[in-house]
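Below is one structure, written out as structure tokens; the observations come after it.
The values are calculated or read from the model by the stated rules, or taken from the named source; none is laboratory data. On a predicted model such as this, the values are computed, not experimentally measured, just so you know. Ideal geometry is used to build each Cβ from the backbone, glycine not excepted, and the neighbour counts take in all protein chains shown.
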């Protein structure tokens, strides 16, 4: 999430509007080694990232399908 904060700050400094930032995030896919937790998956959904690909499920706190599915599309473990 720290990297997303840095991107938002950089885009704001260059004069992008909130709508332009949202458009950029909606065009992104996220690739991670482990399934994001419920809170991180919720934050990713709020900023508009539509696709999250992960290598292994998070059986305790997974927010992309293992425990709770916070994205509207189906989740798949693995790449």
Subject >> Residues of segment 10-27 satisfying the condition of being surrounded by fewer than 15 Cβ atoms within 10 Å (Cβ to Cβ), in a loop (DSSP other than H, G, I, E, B), on the phi < 0 side of the Ramachandran plot and modelled with pLDDT under 90 >> reply: 14, 17
Subject >> Number of the condition not met by residue 64 [criteria: (1) buried (at least 16 other Cβ atoms within 10 Å of the Cβ); (2) under 30 Å from residue 12 (Cβ atoms); (3) modelled with pLDDT of 85 or more] >> reply: (3)
**OP:** Check whether at least one residue in segment 35-52 is closer than 23 Å to residue 63 by Cα, surrounded by fewer than 16 Cβ atoms within 10 Å (Cβ to Cβ), without any contact (Cβ under 8 Å) to a residue 40 or more places away in the chain and touching a strand residue (DSSP E or B) at 6+ places or on another chain (Cβ under 7 Å), and report yes or no.
**Re:** yes
